Each structure stands twice: as C-alpha cells, then as structure tokens.
Amino acid sequence: MRSAVTRHGIPAVVLLAMVVPALVLAPRLPDPIAVHWGWGGAPDGHAPWWLVTAGAAVFWGVAWVVVARNASAAPGVYGLGGVFLAAHSLGLWANLDATSWERARPVTWSLALGIAVTGLVAAAVGWWLAPGKPPEAALSGTAPSAGLRPGEEAVWSGTAHNFVVLAIAPVAAAVAAVFGRVGVWWAGLLVSLVALMFSTVRVLVGPAGVRVCLGLLGWPRRTLDYDEIAEAGSDRVVPLAYGGWGWRRRPGRTAVVVRAGDGLVLRLRSGGTFLVTVDDARTAAGLVNDYVSRHRSPAS
C-alpha cells in the first residue's frame, strides 16, 4: 500500500495540483503571465500561461515515471516536485487578477525562501515513504573478474558524459551573455560553467588503486586503495535514487553521478559503498576484484 502511494498516489495528486488551478483560474490571469522576477522583486520575464502549465505537467510526468520505476528515488523526486509546485503556485498567485504581466505582484526573498522550505519538506516526505534499503549492486556470489594472471598488471580507463548538459550549457552561457540583463547575465554564465564541471566523470583502475575524477578539470577527485575495498560490481543507476547528479554523500555511501545507466559499485571494507557512473562498469569491476584478491594474497 505504501509503495502504491509513493509511486502513483502522491505524484497523481501533485500533477492535479499543478494543472487544475491553472485551468480554473485562467480567466483571471493575464496572457502572457509573469514567469520571472528580478532581484528587486519586480517581474521581468513572461510567457503564455498555457505553455507554463503544459511545461509543469510534462516535467512532473517525467518525474512520475522515474519514481514509478524506482520508489527509492522518491526523496529527490519529491524534493524537486515540492519546489516546482510551490514556485508554480506562487506564480499563479502573483499573476492573479493582474491587468498585465508587468503588474503582477512582486516576489520577495521571504516568498522564495518559502519555496525552498517546501522542497525540503517534500523531500523529507519522500524519504519517509521511500523503501528503507537503498539500491545496491548484487555482488555476492557473482563478482566479476578480468582474468588478471599472477605477475600481470593492467590499467583500465573509462568515462561517462552527460551529453545533454554538454550540449545545453554552452548555449545557455551564450544566451546569458548576449541577452542577459546587466547585473544578472553573469549568474547564467556561472550556472553554465558549474554544469559543465559536473557533466563528465573519469575513472582509472590500475595497480595503485581506483581513481575517480569529476568534471572537465578533474576535480573533485578521490583515490581508493585496494585495502579499502571488499568487492566490486556493477549496477544500473537512477540519479534521483542517489539524490540527483554530482558528487552525492549519504550516511554509508558516496555516489558520483553524471547520468543514468551503468555504474561501478565498490563495496568498502568499512561497510559503506562508493558508486560512480561509468561506461563498461562490469569490466572495471572485474579488474578491481582481481587487484583486491592480489592485495589480500601478495604471493598469488
């Protein structure tokens, strides 16, 4: 019952809460409506109300699919949904009965803070409803091997890219630089640069350990020695199940996530896990296991 509520019940309610009020209040909204407010609280951007509502519905529809396929993604999905629903509702309220989008109510920092708090509360609800055990690779009994022979050494290098971010970030930076308002354009440029930094991850497996480098600059990075690793495996990664994209930390596990798909999972001797999204993760896991076995038995 709880799983059904998590996967479908709450997402359905949120979708209705996004769409129905906009349809009911449409006669009282200007067209277009204000969709962005400047640092001073005054509206400075607009869009058709139907486009805003359709975009909200599509966004939440995709999020619904994610949480329906993996209920452990609920904290991240609900957190994003809470922020989006609060922002959408605030936008409707600000535009209600305005004669034009320029005359929409101002949005202050206190209201923006309320949106953030709503997101945190929604994430907490998702955490409570999500399955208690986080997703982990099935390592026991089927640990892969690369077939490394005694005396041999090998190096494996792999990457993972978020091509959507790589494609969009430069465009967003250019648009921000060309069309941005004075004093605001730099924010779009900064966001684009940060996105590029977290669009790529590189993994190196060799005799000295496992090195993970995030971003185009290879930082932050971490090197794990083989005496830290109990076993390695691979898993299919859903980013929102780990709190989203980037370098994510939770009690007992760390995840470096730039996209969905293959991920290398290192079961640590401390009891935690370290996961990184990378192509051909099973091959990397096999080589890690061979080096771990050799480290435990130097004479082999």
>> For segment 204-234, give me each residue that is farther than 11 Å from Val288 by Cα, out of contact with any Pro (no Cβ under 6 Å at 6 or more places or on another chain) and aliphatic (A, V, I, L, M).
In response: Val212, Leu216, Leu217
>> Let me spell it out: the conditions are (1) free of Cβ contacts under 8 Å to residues at least 24 places away in the same chain; (2) touching a strand residue (DSSP E or B) at 6+ places or on another chain (Cβ under 8 Å), and Pro239 meets all of them except one. Which number is the exception?
In response: (1)
> Taking interchain pairs and intrachain pairs at least six residues apart, which have beta carbon atoms under 7 angstrom, with the first residue in segment 84-106 and farther than 20 Å from Val14 by Cα and the second in a helix (DSSP H, G or I) and among the aliphatic types (A, V, I, L, M)?
Replying inline: Leu96/Leu25; Ala104/Ala94; Arg105/Ala94
> Can you pull out the residues in segment 18-29 that are exposed (fewer than 15 other Cβ atoms within 10 Å of the Cβ) and touching a Ser or Thr at 6+ places or on another chain (Cβ under 8 Å)?
Replying inline: Leu23
> Which members of segment 231-245 meet the condition of being crowded, with 18+ Cβ neighbours inside 10 Å and assigned to a strand (DSSP E or B)?
Replying inline: Glu231, Ala232, Gly233, Ser234, Asp235, Val237
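Taking the criterion of being touching a residue at least 60 places away in the same chain (Cβ under 8 Å), within 18 Å of the chain's Cα centre (by Cα) and in a loop (DSSP other than H, G, I, E, B), would at least one residue in segment 253-261 satisfy it? Show your work before the answer.
At the first step, the residues of segment 253-261 found to be touching a residue at least 60 places away in the same chain (Cβ under 8 Å) are 253, 258-259, 261.
Checking the rest, the ones that are also within 18 Å of the chain's Cα centre (by Cα) come to 253, 258-259, 261.
With the extra rule that they be in a loop (DSSP other than H, G, I, E, B), the set shrinks to 258-259.
Yes: one or more hits.
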>> Quick check on segment 211-229. Is at least one of its residues part of a strand (DSSP E or B) and aromatic (Phe, Trp, Tyr)?
In response: no
>> Tell me whether segment 267-286 contains one or more residues that are free of Cβ contacts under 8 Å to residues at least 24 places away in the same chain, surrounded by fewer than 21 Cβ atoms within 10 Å (Cβ to Cβ) and small (Gly, Ala, Ser).
In response: yes
>> For the list (1) on the phi > 0 side of the Ramachandran plot; (2) under 17 Å from the mean Cα position of the chain (by Cα), I need the number of the one condition that Met197 fails.
In response: (1)
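Each value in this text was obtained by applying a stated rule to the coordinates, not by laboratory testing. Model, not experiment: these values are computed from the prediction. All Cβ positions, even for glycine, are placed from backbone atoms using ideal geometry, and neighbour counts span all protein chains on display.
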